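Everything on this sheet refers to the single structure shown next.
The values are calculated or read from the model by the stated rules, or taken from the named source; none is laboratory data. Just so it is clear, the structure is predicted and the values come from calculations on it, not from any experiment. With ideal geometry, Cβ positions are generated from the backbone for all residues, glycine too; neighbour counts draw on all protein chains shown. Each accessible area value is taken on the protein alone, full model and side chains, heavy atoms only, with ligands, DNA and RNA left out. Shrake-Rupley method; radii C 1.70, N 1.55, O 1.52, S 1.80 Å.
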Amino acid sequence: MRILVTGGAGFIGQNLIQHLENNHEVEGFEYTPNVYPDASKYDWVIHLGAISSTTETDVDKILTQNYEYSMRLLQMCEQMGTNFQYASSASVYGNVKDFNEDSPVSPQSPYSWSKYLFDRFIKQAGQFNVLVQGFRYFNVYGPMEEHKGNQMSPVSKFIQQAKDNGIIKIFEGSDKFTRDFVSVHDVCEVHSQMLKADTSGVFNVGTGTNVSFKHVAEVIAKRYNAKIEEIPMPENIGKHYQSYTRADNSKVNKFVNVDWSTIEQYVEKF
């Protein structure tokens, strides 16, 4: 199949292009205001391009790139008969305990709202002339995210700290913060397998299990013989911090067969 990946130079985009190009013709595309790809050239557009920073406060900028651009791109794909996958986020749920696709949501940042508004449109629109699949990523980690700086996943950030300084810095109380950490390789496998699924909708993409930040740090510290140091949580992060995530992945598991990786398996392998 011919596939276009928007945001192809990003963390997940780079991994996804590498994952798909063994079996498909794949191209990348980067965001430019008011510039859109020719959707008619592809069987699928996988739309990953977005402002992904959860601390970005420019609401107009986020809505323009994450929501309005996505709406226009989907419209073009439908007109051209091109199937559409897109990246959403588990951050749309907010500080809740139930992570089912039909559960109530409580977005806590402009980024989360931009993702939720597009999900909401997809759900309310119902039928499209093409397949439309949205994926609510949980906490994705893996190779090629070093360029993200402070926006790196805790897994990659802790590994880098362990290698560079031998000291992993975690926020105070990190034994109480638990997340569903999902390998980017598993995310790519979901995208790949769902290309063959004759279904539309919004799907959680997570392992269905959760571990604490402290546990992640301990696994990495053991692997690299590093120490762990606790630091206070910055105020600007604490306002939007999810204390718990755990994907209900029963919906996506009806269509894919993924052997979800653990932190231990990833750290040992990479």
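Under the convention that each Lys and Arg Cβ holds +1 and each Asp and Glu Cβ holds -1, the size of the dipole of the range 78-167 around its Cα centre is about 140 debye. Simple rule: put +1 on each Lys or Arg Cβ and -1 on each Asp or Glu Cβ in the range 170-270, find the dipole, and look at VAL219, TRP260, SER192; the Cα lying farthest toward the positive end is SER192. Our estimate of slack between TYR224 and PHE270, defined as 0.36 nm per intervening residue step minus the Cα-Cα distance, is 15.4 nm.
Think of each Lys and Arg Cβ as +1 and each Asp and Glu Cβ as -1; about the Cα centre, that makes the dipole of the range 1-74 roughly 100 debye. Listed by chain and number, the lysines whose C-alpha is less than 22 Å from the C-alpha of LYS163, apart from same-chain residues fewer than 8 away, are LYS148, LYS214, LYS222, LYS227, LYS269. Helical content of the chain, expressed as a calculated mean residue ellipticity at 222 nm, amounts to -9500 deg cm²/dmol (DSSP H runs of 4 or more residues, -39,500 (n - 2.57) each, divided by residue number, nearest 500).
Under the rule a/c < 1.5 gives rounded, and otherwise a/b versus b/c splits prolate from oblate, where does the range 35-101 land using the Cα gyration tensor? It comes out oblate by the Cα gyration axes. Amide H contacts of VAL205: ARG136, TYR137, PHE138, each under 5 Å away and 5 or more positions distant or on a separate chain (H built 1.01 Å from N in the peptide plane; Pro and chain starts excluded).
How charged is the neighbourhood of VAL5? Take every other residue with its Cβ under 11 Å from the Cβ of VAL5, and add Lys/Arg as +1 and Asp/Glu as -1. Result for the neighbourhood of VAL5: -3. Over the C-alpha atoms of the range 1-140, the Rg to Rh ratio, Rh being the Kirkwood estimate, stands at 0.95.
For the range 170-186, putting each phi into the Karplus relation 6.51 cos²θ - 1.76 cosθ + 1.60 with θ = phi - 60° gives couplings of 10, 6, 4, x, 5, 6, 9, 9, 10, 9, 8, 8, 10, 5, 4, 5, 5 Hz, in residue order, rounded to whole numbers and with x for Gly and Pro.
When each of the peptides 261-268, 187-194, 135-142 is scored by the mean number of other C-beta atoms lying within 10 Å of its residues, the order from highest to lowest reads 135-142, 187-194, 261-268. Computed from backbone phi with θ = phi - 60° and the Karplus coefficients 6.51, -1.76 and 1.60, the 3J(HN,Hα) list for the range 25-35 is 8, 10, 10, x, 8, 10, 5, 9, x, 6, 10 Hz; x is used for glycine and proline. Comparing GLN65, TRP44, ILE167 along the charge dipole axis of the chain, the residue lying farthest to the positive side is ILE167, per the Cβ-charge model. Here the dipole of the range 187-249 is about 180 debye; that uses its Cα centre as origin and unit charges on the Cβ of Lys and Arg (positive) and Asp and Glu (negative). Taking amide H atoms as placed 1.01 Å from N in the peptide plane, the amide H of TYR31 lies under 5 Å from those of GLY7, each 5 or more residues away in sequence or on another chain.
Taking the protein heavy atoms of the range 194-270 in the context of the full set of protein chains, the accessible area attributed to carbon and sulfur is 45 percent at 1.4 Å. Amide hydrogen proximity for ILE170: with H placed 1.01 Å from N in the peptide plane, the residues at 5 or more positions away or on another chain lying under 5 Å are GLU229, GLU230, ILE231.
Which angle from 0 to 90°, rounded to the nearest 10, does the C-alpha axis of helix 69-80 make with the longest principal axis of the chain? Roughly 40 degrees, rounded to the nearest 10. Under the rule a/c < 1.5 gives rounded, and otherwise a/b versus b/c splits prolate from oblate, where does the range 175-270 land using the Cα gyration tensor? Verdict is oblate for the range 175-270. Starting from the Cα gyration tensor of the range 1-80, take the square roots of the eigenvalues, sort them a ≥ b ≥ c, and report rounded, prolate or oblate (rounded when a/c is under 1.5, otherwise prolate if a/b is larger than b/c, else oblate). Since a/c reaches 1.5 but b/c is at least a/b, the shape of the range 1-80 is classed as oblate. Based on protein heavy atoms only, the chain ends up with 47 Å² per residue of surface accessible to a 1.4 Å probe.
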